[in-house]
Amino acid sequence: MTVFPLKFRPSSDGALLFADDAGGYFKGDNAFLERYACDGLNPGDMRFLNENGHSFEEIDDLAYTGFAYRWANRLYAPTELDYVILVPTLRCNLACGYCQVSRVNEQTPGFDWNESTLDAVLAFLDNLPTNRLKVEFQGGEPLLKLDMLQRVRDFCRNRFAQTEFVVCTNLQTVSDEAWAFLSERDTFISTSLDANAQTHERQRTVTPERTNQFLGNLRRAVDGFGVGKVSALPTLDIRNLPEPTSVIESFLSFGLRSIYLRPVNYQGFARKRFAAKDTTAAWNAYHSTFIDALIEHNWTAAEPAEEYYFVHCLRRVLRSGHNGHVDLRNPNILGHSYLVVDYDGTFYPTDEARMVSRVGQFDLSMGNVQTGLNRTAVDALNDEASNNFHPDCVHCPYQAYCGVDLVDDLSRYGRIDVPKHLTDFCQRHTHIFDKVFELIYSTDPKAQKSLALWAGMPEYEPALAKVHQ
């Protein structure tokens, strides 16, 4: 019998977490580790490993085939290009100090699509081979170019069999025409609610009048369109973090039960104004406290809440196929299944790549809608877009659930060969997966209830917490 390679990591309870390349996991002790490392596995070890899919007899037996199938399902295979982020303007009617997108003031000319750019964008979309398309409008404030949003949507509805549109808007000033545009069944709103009214005012709206204007528009959107069509994301300053309970209560007051916590991004204007580069430990501590606050809330709440990214990571541990979040795919192939078209028609592989280029670090552009795609630069990056054979990842038990973010590494460190354990990406995700397994193996009924809710199970399943004695 051959045992698939196992990686291990100490747990806070004194046990060791073991995992194989396909994401199968269990807890064991140091005695098992010594037997495994010294080729001294006993019959009980072999029986446990065989029953749980960690070993095989022959290279072509069902156990080996099943393992290979599970391993392959952990990988993300780039699909046809069916998701585009369109930036019709960089102009914005707010001046948030932490803005990552290097926006310009609302009255500044020269930062919008012109007719020629719009025509080229539509021609590019028309040549896509897909029959379904998701379009995300970003800015600046995209509602400042509502006419072009309308023309893009009309075109896509006629061209593609299935469409979805997301407008990333600050919801600060919304005209009657914009409300009508947003009310359509296939159109969704993504906005920012920075923790609570006080934090939002300090970071974004500045005055009570503008704060109330935004909160009124958010209320109108949720009440008029339903929570299924509105998402709100908080951006938090690590130097001045709000109490987790105040964030939870603020979101639930609007009926929003999914909260995607984000620290100020080390991009764009935020790169200059916020010390957000080396604050990983502080963020991890806050994130853990926030998850604990959610668990406490969910114990008695009629309407449970979640932290979106933590739940995404939890589900990646428990089963394969959760690749919807583009920042945590493996391989994380840039510029193929989705891309960005900037205000001047320039292609970028990601929104973050757009920012890296804007501040002059690296040119990660991929051509222009007028002249066509050129993936030469990003395909050179794509040679390193997998963690499967990375020397700093092959011994990590979280490898099967994790991914890579080369653009973030470029932004923070100016290179992609920094040892992974020293990067913000690795440290944040190691913390998240530590917390995931802390909950999986917790005997606290409060933690078990939230785990089941977030995993989509009717109740906690003890079989998730496999242990080899």
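The values are calculated or read from the model by the stated rules, or taken from the named source; none is laboratory data. Everything numeric here is computed off the predicted structure, so don't read it as measured data. Using ideal geometry, Cβ is built from the backbone for each residue, glycine included, and neighbour counts are taken over all protein chains shown.
Just to be sure before I move on: is Arg239 under 25 Å from Leu406 (Cα atoms), modelled with pLDDT under 95, loosely packed, with under 15 Cβ neighbours inside 10 Å and out of contact with any strand residue (DSSP E or B) (no Cβ under 9 Å at 6 or more places or on another chain) in the structure I sent? Give the derivation first.
Details: under 25 Å from Leu406 (Cα atoms): no; modelled with pLDDT under 95: yes; loosely packed, with under 15 Cβ neighbours inside 10 Å: yes; out of contact with any strand residue (DSSP E or B) (no Cβ under 9 Å at 6 or more places or on another chain): yes.
Here the answer is no, as Arg239 does not meet what is asked.
Within the range 77-114, can you find the residues that are at pLDDT below 95, among the aliphatic types (A, V, I, L, M) and not in a loop (DSSP other than H, G, I, E, B)?
Val104
Residue by residue, here is whether (1) in contact with a strand residue (DSSP E or B) (Cβ under 6 Å, 6 or more places away or on another chain); (2) under 25 Å from Leu75 (Cα atoms); (3) not assigned by TED's automatic domain parsing to the domain that holds Arg315 holds:
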{"site": "Met1", "(1), (2), (3)": "yes, no, yes"}
{"site": "Leu16", "(1), (2), (3)": "yes, no, yes"}
{"site": "Asp29", "(1), (2), (3)": "no, no, yes"}
{"site": "Gly40", "(1), (2), (3)": "no, no, yes"}
{"site": "Leu49", "(1), (2), (3)": "yes, yes, yes"}
{"site": "Asn52", "(1), (2), (3)": "no, yes, yes"}
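Looking at Thr130, Thr117, Thr163 in this structure, which one is outside any loop (DSSP other than H, G, I, E, B) and either among the aliphatic types (A, V, I, L, M) or out of contact with any strand residue (DSSP E or B) (no Cβ under 8 Å at 6 or more places or on another chain) (or both)?
Criteria check complete, one pass: Thr117.
Would you mind stating whether Asp444 is among the acidic types (Asp, Glu), modelled with pLDDT of 95 or more and surrounded by 15 or more Cβ atoms within 10 Å (Cβ to Cβ)?
When the stated conditions are applied, Asp444 does not pass them.
Within the range 204-215, work out how many residues are over 26 Å from the mean Cα position of the chain (by Cα) and within 14 Å of Ala232 (Cα to Cα).
Matching residues across the range 204-215 total 0.
Answer with yes or no whether Arg315 is free of Cβ contacts under 8 Å to residues at least 60 places away in the same chain and under 29 Å from Gly24 (Cα atoms).
Criteria not met by Arg315.
State whether one or more residues within the range 455-469 are assigned to a helix (DSSP H, G or I), buried (at least 17 other Cβ atoms within 10 Å of the Cβ) and not assigned by TED's automatic domain parsing to the domain that holds Ser11.
So far as the range 455-469 goes, yes, one or more of its residues are assigned to a helix (DSSP H, G or I), buried (at least 17 other Cβ atoms within 10 Å of the Cβ) and not assigned by TED's automatic domain parsing to the domain that holds Ser11.
Do you know which of the residues in the range 36-46 that are surrounded by 14 or more Cβ atoms within 10 Å (Cβ to Cβ) and not hydrophobic (A, V, I, L, M, F, W, C) is farthest from Pro10 (Cα to Cα)? Before you say what the answer is, go through the steps one by one.
Here is the first cut: in the range 36-46, the ones surrounded by 14 or more Cβ atoms within 10 Å (Cβ to Cβ) are 36, 41, 45-46.
Of the ones still in play, those that are also not hydrophobic (A, V, I, L, M, F, W, C) are 36, 45.
Working: Tyr36: 16, Asp45: 19 Å.
By that ranking, first place goes to Asp45.
Could you identify the single residue in Leu171, Leu143 that is part of a loop (DSSP other than H, G, I, E, B), modelled with pLDDT of 95 or more and aliphatic (A, V, I, L, M)?
When all the criteria are applied, what remains is Leu171.
Among the numbered criteria (1) part of a helix (DSSP H, G or I); (2) closer than 26 Å to Ala282 by Cβ, which single criterion is violated by Ile416?
Here Ile416 meets the rest and fails (1).
Can you tell me which condition Asp82 does not meet? The list is (1) in contact (Cβ under 8 Å) with a residue 40 or more places away in the chain; (2) in contact with a Lys or Arg (Cβ under 9 Å, 6 or more places away or on another chain); (3) crowded, with 19+ Cβ neighbours inside 10 Å, and all the others hold.
The number of the failed condition is (3).
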